[in-house]
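Here the structure comes first, spelled out in structure tokens, and everything after it is commentary.
Bear in mind that the values in this text are calculations on the coordinates, not laboratory data. Here the structure is a predicted model, which is why all the values come from computation and not from measurement. Cβ placement follows ideal geometry from the backbone for every residue including glycine, while neighbour counts extend to all protein chains displayed.
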Amino acid sequence: MGGKRRQPSLAQLRAFAAVAEHLHFRDAAAALGMSQPALSGAVSALEETLGVTLVERTTRKVLLSPAGERLAVRAAAVLEEVRALLAEAESVRAPFTGALRLGVIPTVAPYLLPTVLRLVHDRYPDLDLQVHEEQTAGLLDGLTAGRLDLLLLAVPLGVPGVVELPLYEEDFVLVTPMDEPLGGRAGIAREALRELNLLLLDEGHCLRDQALDICREAGREPGGAGRGASARGGGRREGAPVTTTAAGLATLVQLVAGGLGCTLLPRTAVRVETGRSDRLLTGVFADPAPSRRIALATRAGAARGAEYRELADALREALRPLPVRVLGADA
């Protein structure tokens with residue numbers, strides 16, 4: 001038998017994983033904070049150590065070889081296990097220290113982050129909180145890939161291997177232009193949504209899906225509610241060829257202020273978003289009002305799971321001044 005086979009280094013695995021993610025040597029080097037020649041050398045050294053070609057280099061782009069495709073998954077898993085080992089050692093040595101990569105959906109971030117950041121600053125001053133705002137699908141990909149540690153988003157997710165730590169529920173309110181008869185009313189029946197020109201967020205936002213579910217419960221056909229993401233001008237503009245789209249709640253509310261239709265807002269967003277215009281009214285639904293549930297989510301068996309549960313408990317208390325219904329840990 002030959003001599004003992006050399007083992008790949010973590011630096012080589014990190015270099016290869018970055019190339020596999022970016023499929024570009026310059027971008028991968030920038031992501032790792034190293035020079036492009038050093039990155040290329042690390043990948044070449046890994047190929048020599050393993051005895052296989054991982055990357056096909058062309059003048060225009062970088063491709064993974066069939067072996068590279070298979071081993072990229074293994075490399076990512078090894079690096080995640082190393083990261084988890086370090087995180088667990090760090091949490092045992094000193095809880096609530098080091099980096100915590102928190103992913104937040106756009107329809108929560110502007111309204112909840114002030115509370116989260118204040119809590120972390122006051123109670124966990126040694127915690128390096130790193131915030132990443134993405135839509136739900138991207139956050140879940142980041143969590144399962146080890147790019148993110150903890151998520152703040154709408155649930156239920158129904159994703160195997162992901163644990164949800166419930167925080168609160170909040171009602172939706174109806175935001176309308178000044179000339180909408182339902183504007184400013186209380187006790188609005190859900191069935192009223194059948195007749196409204198409802199503006200929704202673009203595809204990919206979980207808030208859009210929640211609004212569509214509310215419309216279905218009200219007996220509105222999916223096709224009718226679907227106007228929201230590509231909302232045509234409403235009853236007062238019948239036949240108008242212009243199509244409007246909204247990627248965020250701020251734009252959505254301004255479209256309402258401009259008379260293009262109505263929309264649904266979670267209660268935590270109302271003060272911030274409607275405060276930008278004096279041409280809006282808000283209406284409250286009859287009980288039980290349509291609502292959404294917000295939770296923290298992390299990987300099952302996460303090394304810092306006990307810390308995340310403690311953070312969830314502290315966050316529930318910090319949220320009590322907001323217009324939400326705080327939930328228990330077992331809700």
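Along the principal axes of its C-alpha atoms, what lengths does region 1-73 span, in descending order and rounded to whole Å?
Largest first, region 1-73 extends 41, 25, 21 Å along its Cα principal axes.
Sorted by packing (mean other beta-carbon atoms within 10 Å per residue), highest first, where do 321-331, 294-304, 10-20, 46-56 land? Kindly include the intermediate steps, with their values, before the conclusion.
Values: 321-331: 13.4, 294-304: 18.9, 10-20: 21.6, 46-56: 16.0.
The most tightly packed comes first, giving 10-20, 294-304, 46-56, 321-331.
Quick one, which of (i) 20.2; (ii) 23.6; (iii) 22.7 is the actual Kirkwood radius over Cα pairs in Å calculated for this model?
(iii)
Can you check what the net charge comes to around A286, using other residues whose Cβ is under 14 Å from the Cβ of A286 (Lys, Arg +1; Asp, Glu -1)?
Values: positive: R185, R190; negative: D171, E191, E217, D287.
Summing Lys/Arg as +1 and Asp/Glu as -1 gives -2.
Suppose the chain between R276 and V82 were pulled fully straight at 0.36 nm per residue; how much longer would it get relative to their current alpha carbon spacing? If you can, show how the numbers build up before the last one.
Values: separation 194, 0.36 × 194 = 69.84 nm, distance 4.72 nm.
The R276-V82 span can extend by a further 65.1 nm.
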